[in-house]
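Below: one structure, written as structure tokens.
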Amino acid sequence: MSFSDRVRKLVIVGLDRAGKTSILNILNQEYNLMDNIKPTLGVDRRVLEVLGFQIVSFDLGGQEKFRDGYLKDLKIFQGTDTLIFVIDTLDTVRYQEALQYYQEVLKTFKTLKLNPKIVICIHKIDPNLRFDPETVHNIEEVMELFVSASKGYEVTVYITSIYDRSSIIRAFSKNLQELIETIKPLQSILMSLVGLLKLDGAVLFDDKFLIVADYFQDAQAEELCFGTVYNSVYYMSQQNPEYATNLVGNFEIALGEQSIQKTYSFIEVPFKGWNLYLLAMGNQRYDPKTLLMKFESIARIRQ
């Protein structure tokens, strides 16, 4: 595989103060920068390595004085694999301004004859606001505006917040699964594993907690797994770096009382030279060796 095959370009765009830089800080695990974020001036280029692939991100400062320059400088958007457009859902008076900018970016892609995948982040929807009637109305309004303007593009929409970091990880990871061909078989492997063992669901992630594959029987199982167990493991690993050196051994500590609702199994899974982690959720706990054997057996058949 050539170097160019191992590089993906991600462009993150939105108005100023939309929360773009905070999202990148979470993806890059640069939490020490979260309390001192300043407006991005020009283009901030970063590289995130995932399973040997380089994800090159371009954070475009959202101030009005920079936007025209970006749109005229086509090389900024040349070769884009994914566009992440971030909307500050709380800033209702700027929805139309954000929409106009989004439409101009799409025109640029048409000029370049590019058809990147698009991720729309309906951002700053904190967990305590998620079901507030006014917030629900704002989410629906943003979705209608931006999805309607996206005809001809493959668009996915996520509700995100820096106070629910898994929401950001999930939005990025779902796109990652589409971008990197090598990890695509993992989705069908998990689907077979869930069916074979009659699990409620399963998720595979790497040592950066980026989700490389997941499969659940229903939305309720998915929310339970990510909203409780995944978040527990994720947050503990950030608060105590020593914990992350032995995720499997310390899993029970992070799990706490979450096992009351469901039973979880957690193992390390070597796959194509990568060290991945498998979190399985169901009505019974599986012996780690048995679970790994089942996974490897299905993987051999699928490859």
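The values are calculated or read from the model by the stated rules, or taken from the named source; none is laboratory data. Only a predicted model underlies this, so the values are computations on that prediction, with no experimental measurement involved. Positions of Cβ are generated from backbone atoms using ideal geometry, with glycine treated the same way; all protein chains shown enter the neighbour counts.
Residues that are crowded, with 22+ Cβ neighbours inside 10 Å and modelled with pLDDT of 90 or more are absent from region 167-175. Taking the listed residues 289, 262, the one that is modelled with pLDDT under 85 and of a type outside the set (Gly, Ala, Ser) is 262, with no other qualifying. Scanning region 71-81 for residues that are without any contact (Cβ under 8 Å) to a residue 24 or more places away in the chain and within 23 Å of residue 54 (Cα to Cα) yields one hit, 75. When you look at residue 115, is it in contact with a Ser or Thr (Cβ under 6 Å, 6 or more places away or on another chain), within 21 Å of residue 155 (Cβ to Cβ), among the polar types (S, T, N, Q) and not in a strand (DSSP E or B), yes or no? The answer is no for residue 115.
Residues in region 171-192 that are part of a helix (DSSP H, G or I) and among the charged types (D, E, K, R): 174, 178, 181. The set of residues in region 83-95 that are surrounded by fewer than 22 Cβ atoms within 10 Å (Cβ to Cβ) and either at pLDDT below 90 or not in a loop (DSSP other than H, G, I, E, B) (or both) comprises 92, 93, 94, 95. Residues in region 278-303 that are more than 16 Å from residue 187 (Cα to Cα) and of a type in the set (D, E, K, R): 285, 287, 289.
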